[in-house]
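The values are calculated or read from the model by the stated rules, or taken from the named source; none is laboratory data. In this text the structure is predicted, and so the values were computed from the model without any measurement. Note: ideal-geometry Cβ built from the backbone for every residue, glycine included; neighbour counts use all protein chains shown. Each accessible area value is taken on the protein alone, full model and side chains, heavy atoms only, with ligands, DNA and RNA left out. Shrake-Rupley method; radii C 1.70, N 1.55, O 1.52, S 1.80 Å.
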Amino acid sequence: MLRAFDTRDAAQTAHRGGLRRLFMLLLKEQVKYLEKNLPDAQRLGMLFMAPNSPFSGTQQELQQQILAMTFECCCLNDPLPANEAEFIARGKEAKNRLLLIAQELARLVGSILSEYQAVQKSLPHLKANAQASQDVRAQLEWLLHGKFIRDTPYDRLQHIPRYLKAIGLRIEKLRSNPARDAQCMAQMQPLSQAWQKLRQAQQGKPDPRVGEFAWLLQELRVSLFAQELKTPVIVSVKRLEKMLATIRG
């Protein structure tokens, strides 16, 4: 069945989702095994279902997101299969890697959920600083929406524990030096506001440069609020301002 989409990006997203479902049908025995043998599934489910979390999903929903990302990593690397022979060959290649990738993902998700719980315990310390509180909550909302495991690219997902650790360190430092936090916020805000405008202006046609800018903003947060955690790329306010100018053209 053919279906028309408003944008190329929407069509590609739907195509990837359809391919993922087909691979899961092709490897249904492996899917059944993974559903029963994901490591630490019960503990992860309890963290995922925790009250007041942004996920508030069931253990089964968490499991399905981990499986979706597992197949994304194992089967949907570019170039995507273009015919039946390529599809079958890709499935055979992925078959022996699924368990290992699923286990790695489960460990990563466990780390993210544990770090999030630690941040949750620290959030009451932000009550006295409304500006910082609003900023941190907006950051958490962007990083950890209900489908974040399925929808966040794996190479980005790996950095989320560090971003959450950085939030915890920021809250810790804020209590002893609120003036410094305000200074860092003043450097961040113009860039964050510019990103929000770019995001809204995309109108269903995502610009990959805007996505890259969003993740570099997360790295800038680490650099400003929790330098001790280090960043894998060199990032600064000036560098992001230059990137912003390029995106705006």
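Filtered by the rule that a residue be over 16 Å from Q183 (Cβ atoms), surrounded by 10 or more Cβ atoms within 10 Å (Cβ to Cβ) and over 20 Å from the mean Cα position of the chain (by Cα), the range 222-239 gives a lone residue, R239. Residues in the range 39-77 that are more than 24 Å from V119 (Cβ to Cβ) and either open to solvent by less than 50 Å² (accessible area, probe 1.4 Å) or of a type in the set (V, I, T) (or both): L67, A68, T70, F71, E72, C73, C74, C75, L76. As a summary of the residue check, Q218 satisfies the conditions (1) polar (S, T, N, Q); (2) open to solvent by 30 Å² or more (accessible area, probe 1.4 Å); (3) not in a loop (DSSP other than H, G, I, E, B) except for the one numbered (2).
Just to confirm my filter: which helices (runs of 4 or more DSSP H) fall fully inside the range 15-94 and include at least 2 residues that are farther than 14 Å from A106 by Cβ? Step through it out loud before you land on a result.
Numbers: elements: 28-37, 41-48, 59-75.
It comes to 28-37, 59-75.
How about the range 18-46: which of its residues are over 17 Å from R150 (Cα atoms) and touching a residue at least 40 places away in the same chain (Cβ under 8 Å)? Spell out how you get there, then give the answer.
First, pick out the residues of the range 18-46 that are over 17 Å from R150 (Cα atoms): 25-30, 32-33, 36-37, 39-40, 42-43, 46.
Of everything in the range 18-46, those that are over 17 Å from R150 (Cα atoms) and touching a residue at least 40 places away in the same chain (Cβ under 8 Å) turn out to be L26, L27, Q30, Y33, N37, P39, D40, R43.
Among residues of the range 117-162 being of a type in the set (D, E) and without any contact (Cβ under 8 Å) to a residue 12 or more places away in the chain, the one that is farthest from T231 (Cα to Cα) is D151.
Filter the range 156-181 down to residues that are outside any helix (DSSP H, G or I) and exposed (fewer than 13 other Cβ atoms within 10 Å of the Cβ), then give me how many there are. Show your work before the answer.
Kept after step one, since they are outside any helix (DSSP H, G or I), are these residues of the range 156-181: 158-159, 177.
Filter again for exposed (fewer than 13 other Cβ atoms within 10 Å of the Cβ), leaving 177.
The qualifying residues number 1.
Screening R97 with (1) touching a helix residue (DSSP H, G or I) at 6+ places or on another chain (Cβ under 6 Å); (2) over 21 Å from T152 (Cα atoms); (3) open to solvent by 10 Å² or more (accessible area, probe 1.4 Å); (4) not polar (S, T, N, Q) gives one miss only, at (2). In the range 235-249, of all residues being modelled with pLDDT of 95 or more and not in a helix (DSSP H, G or I), the one that is farthest from C184 (Cα to Cα) corresponds to V235. Once the range 198-207 is narrowed to residues that are charged (D, E, K, R) and open to solvent by 70 Å² or more (accessible area, probe 1.4 Å), the residue that is farthest from L143 (Cα to Cα) is K205. Scanning the range 104-154 for residues that are polar (S, T, N, Q), in a helix (DSSP H, G or I) and under 28 Å from C73 (Cα atoms) yields S111, S114, Q117, Q139.
Listed here are the residues, each with its yes/no results for (1) among the hydroxyl-bearing types (S, T, Y); (2) buried (at least 18 other Cβ atoms within 10 Å of the Cβ).
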site	(1), (2)
S114	yes, no
N129	no, yes
Q183	no, no
Q187	no, no
R209	no, no
